[in-house]
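Notes follow the structure.
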Amino acid sequence: MDKIRIHGGASLAGTIAVSGAKNAALPLMAACLLTSDRLTLTNVPTLADITTLARLLAELGVEVDPGASDLPAFQPNSIDRPLQGKLALTAADISSTTAPYDLVRKMRASVLVLGPLLARFGRARVSLPGGCAIGPRPVDLHLKALTALGATIELADGYIEATAPQGLRATTIRFPFVSVGATENALMATTLAYGTSIIENAAREPEIGDLARCLVAMGADIEGIGSDRLIVRGVATLHGATYAIVPDRIETGTYAMAAGITGGTIELLGATLDHILVPAQLLAKAGVELAGTNRGVTARPHNGRLKSVDADTQPYPGFPTDLQAQFMALMAVADGRSIITENIFENRFMHVPELARMGARITVKGATAVVTGTDELIGAPVMATDLRASVSLVLAGLAARGTTTISRIYHLDRGYDRLVEKLVACGATIDRIEDNP
């Protein structure tokens with residue numbers, strides 16, 4: 001298993017092209033199941049999660065074509081590295097409506113095939129996704145939304161068995177709390193339901209808007225895009241489309257913090273400042289300025305040493321939980337004390353002991369972490385525990401004195417497209433090495 005090795009201390013400078021958002025790409029891929037026509041996605045990030053979902057779709061009978069000259073046409077289990085750039089998906093000849101456990105267990109987002117399969121074919125059998133390293137993320141809201149649309153759902157042998165032989169019927173769905181995945185499943189399902197559906201307390205993340213706009217390009221009738229109230233008038237069929245995936249706001253925020261923690265300047269090509277307004281405000285208070293350009297966003301330090309700033313995670317448009325670990329690494333070298341509160345997921349402070357190995361001063365009580373800034377982090381061997389935790393260790397390693405070695409970096413491969421290559425281009429001394437036992 002590979003490791004990442006970082007010799008810290010370099011001030012980063014240069015440009016980074018922000019990749020397409022993983023959290024937008026995955027539901028967009030699932031949306032191909034809503035039509036027999038070809039759905040072509042561009043700006044597809046090079047990630048292991050993309051390949052995992054591609055394998056699942058191929059298992060269902062979707063024709064998956066990476067659309068890149070150096071990759072062969074996709075066959076189930078034939079590609080052992082992530083897809084890249086462009087992805088054409090054709091669900092004309094679905095051979096199965098069962099999403100098996102051995103594929104779903106690898107990635108919770110696989111449950112997003114449930115709504116599209118049920119809406120188009122009237123049946124779906126999808127494995128329960130199981131637990132998660134950062135706390136439980138139940139699918140209850142997904143199932144309640146589909147039941148409200150007229151589906152019959154049973155849980156048997158670890159699978160969700162859903163049927164709607166007469167099709168789904170429009171209704172009003174009101175989520176008791178915001179859920180991105182449940183909103184996505186409900187949104188896709190209602191596009192083919194009979195009548196007009198209303199989704200209230202819908203998630204507002206840019207990735208939801210991206211899915212909605214792609215569905216509209218496929219012929220769906222959706223009002224209220226970007227708000228917490230979506231009105232969906234069901235149509236008989238959807239058609240194909242070509243759609244560019246929105247740039248990844250989490251990648252944008254992560255590399256902006258890389259600039260801040262190393263005292264450097266990075267231009268993030270293609271980034272959208274409007275998608276990270278709250279993180280940008282907190283970074284400005286901390287001493288990292290983000291400014292929009294005609295090519296994206298530039299991140300640079302201002303007013304000397306970083307200053308401690310409190311943060312608490314909230315659903316969009318609040319501060320995202322997916323930037324919490326990175327912000328904690330930044331605050332570990334800031335002047336003063338910051339309080340970081342995690343309101344979205346349980347167990348999302350697993351990076352704290354690893355940062356502490358590098359000299360960070362952090363105490364945790366329940367959902368709150370108190371970070372007291374230190375003058376210097378020291379390189380050390382550390383271990384990634386989840387996707388965002390892993391990249392927080394990369395940020396800490398970039399700022400630390402000496403060498404940091406990060407193990408279990410398969411987490412990074414799930415969510416960061418060509419991270420080592422991008423950081424090297426900005427002057428980081430970072431490489432990927434084989435772990436020789």
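The residues listed here are Ile199, Ile153, Ile160, Ile208; of these, the one that is in the same structural domain as Tyr101 (by TED's automatic domain parsing) and surrounded by fewer than 18 Cβ atoms within 10 Å (Cβ to Cβ) is Ile153. Is it true that some residue in segment 298-319 is over 30 Å from Thr183 (Cβ atoms) and in a helix (DSSP H, G or I)? No; the residues of segment 298-319 include none that is over 30 Å from Thr183 (Cβ atoms) and in a helix (DSSP H, G or I).
If you go through segment 48-73, how many residues are assigned to a loop (DSSP other than H, G, I, E, B) and modelled with pLDDT of 90 or more?
Taking segment 48-73 and keeping what is assigned to a loop (DSSP other than H, G, I, E, B), we get 61-62, 66-73.
The next check asks that each one be modelled with pLDDT of 90 or more; those that pass are 61-62.
Residues in segment 48-73 being assigned to a loop (DSSP other than H, G, I, E, B) and modelled with pLDDT of 90 or more: 2 in total.
Residues that are at pLDDT 95 or above, surrounded by fewer than 19 Cβ atoms within 10 Å (Cβ to Cβ), assigned by TED's automatic domain parsing to the domain that holds Ala389 and in contact with a His (Cβ under 6 Å, 6 or more places away or on another chain) occur in segment 280-301; there is at least one. All of Pro138, Pro76, Pro129 fail the test of being closer than 29 Å to Arg388 by Cα, out of contact with any helix residue (DSSP H, G or I) (no Cβ under 6 Å at 6 or more places or on another chain) and modelled with pLDDT under 95, apart from Pro138. Scanning segment 313-364 for residues that are in contact (Cβ under 8 Å) with a residue 12 or more places away in the chain, under 19 Å from Gly9 (Cα atoms) and of a type in the set (Gly, Ala, Ser) returns Ala329, Ala332, Ala334, Gly359, Ala360. The condition (being of a type in the set (A, V, I, L, M, F, W, C), within 13 Å of Ser392 (Cβ to Cβ) and out of contact with any strand residue (DSSP E or B) (no Cβ under 8 Å at 6 or more places or on another chain)) is satisfied by just one residue among Ala332, Ala325, Ala360, Ala356: Ala325.
Being in a strand (DSSP E or B) and of a type in the set (D, E, K, R) is true of Asp431. Has segment 176-188 got any residue that is without any contact (Cβ under 8 Å) to a residue 60 or more places away in the chain and touching a Ser or Thr at 6+ places or on another chain (Cβ under 8 Å)? Taking every residue of segment 176-188 in turn, none turns out to be without any contact (Cβ under 8 Å) to a residue 60 or more places away in the chain and touching a Ser or Thr at 6+ places or on another chain (Cβ under 8 Å).
The values are calculated or read from the model by the stated rules, or taken from the named source; none is laboratory data. What you are looking at is a predicted structure, and each value in this text was computed from that prediction instead of being measured. Cβ sites come from the backbone with ideal geometry, for glycine too, and all protein chains shown count toward neighbours.
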